[in-house]
Amino acid sequence: MTQELSVPIIEDFFERFVAAFAMFDGTKVTELFATPGVALRRDGSLVSLATRDDVLRYYQAALDGYREGGCTSCRWSDLELTKLGKNSALAAVTWTLLRQDGPDLASWRQSYCLASSLSGPKVFASATHAE
């Protein structure tokens, strides 16, 4: 049976996302996503994430780019949660990419459509907010 999505469950989900990110291992990040899915980029383009391999390629490329840019970890903040019934929710957070030493690398707002599953919430759609 799936758990009803709540603030503590969603906060735990984002903590698991941060832990997976810190390993720079796309396989760990992929575990947090449902397929098929879709990602909306900041430029308005859509990325189809029809298979686990699609999710892995998309997020591993992002992780590799962040690491090459000097990122060592990330953090989330400013959670806004809109429940969409018991088993789904829209969660928006601000992400900040961190360096070992020095100023933050980047910060942006992103929203996630989440569905409850036996292993916890899974992302089935995400949208990076245009600035």
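Accessible surface area normalised per residue over segment 28-118 is 54 Å², counting heavy atoms of protein chains with a 1.4 Å rolling probe. Using a 1.4 Å probe on the protein chains only, how many percent of the accessible area of segment 12-71 belongs to carbon and sulfur? On segment 12-71, the fraction of accessible area on carbon and sulfur atoms equals 55 percent. Seen from residue 109, the other residues with C-beta closer than 9 Å to its C-beta sum to a net charge of -2, counting Lys and Arg as +1 and Asp and Glu as -1.
When the helix-only estimate is applied to the chain (DSSP H runs of n ≥ 4, each -39,500 (n - 2.57), divided by the residue count), what is the mean residue ellipticity at 222 nm, nearest 500 deg cm²/dmol? Numbers along the way, then the final one.
Values: 3 runs with 38 residues, N = 131.
About -9000 deg cm²/dmol.
Sequence-distant contacts, meaning Cα pairs under 8 Å at least 6 residues apart, place the relative contact order of the chain at 29 percent. Round to the nearest 10 and give me the degree value, 0 to 90, for the angle of helix 7-22's Cα axis relative to the longest principal axis of the chain. Compared with the principal axis, the helix lies near 40 degrees.
If R0 is 30 Å, what FRET efficiency do you get for residue 119 and residue 68 from their C-beta distance, rounded to 0.05? Numbers along the way, then the final one.
Working: r = 31 Å, r/R0 = 1.02.
Plugging the Cβ-Cβ distance into 1/(1 + (r/R0)^6) gives 0.45.
When the chain is treated as a GNM with alpha-carbon contacts under 10 Å, the residue of 19, 106, 115 showing the greatest mean-square fluctuation is 106. The modelled label-to-label distance for the pair residue 18/residue 53, using points 7 Å beyond Cα in the direction of Cβ, is 3.4 nm.
Is the shape of segment 38-115 best called rounded, prolate or oblate, per the rule: a/c under 1.5 gives rounded, else a/b larger than b/c gives prolate, else oblate, with a ≥ b ≥ c the square roots of the Cα gyration tensor eigenvalues? Each step should come with its number before you reach the end.
Numbers: a/c = 2.28, a/b = 1.31, b/c = 1.74.
Taking the square roots of the gyration eigenvalues as a ≥ b ≥ c, segment 38-115 is oblate.
Local charge sum around residue 84 (other residues, Cβ-Cβ under 15 Å, Lys/Arg +1, Asp/Glu -1)? Could the numbers behind the result be given before it?
Details: positive: 83, 86, 122; negative: 4, 80.
Value of the local net charge: +1.
The values are calculated or read from the model by the stated rules, or taken from the named source; none is laboratory data. It should be emphasised that the depicted structure is a prediction, and the values quoted were computed from it without experimental measurement. All Cβ positions, even for glycine, are placed from backbone atoms using ideal geometry, and neighbour counts span all protein chains on display. For the accessible areas, the whole protein counts, side chains as well, though only heavy atoms, and no ligand, DNA or RNA atoms are used. Shrake-Rupley method; radii C 1.70, N 1.55, O 1.52, S 1.80 Å.
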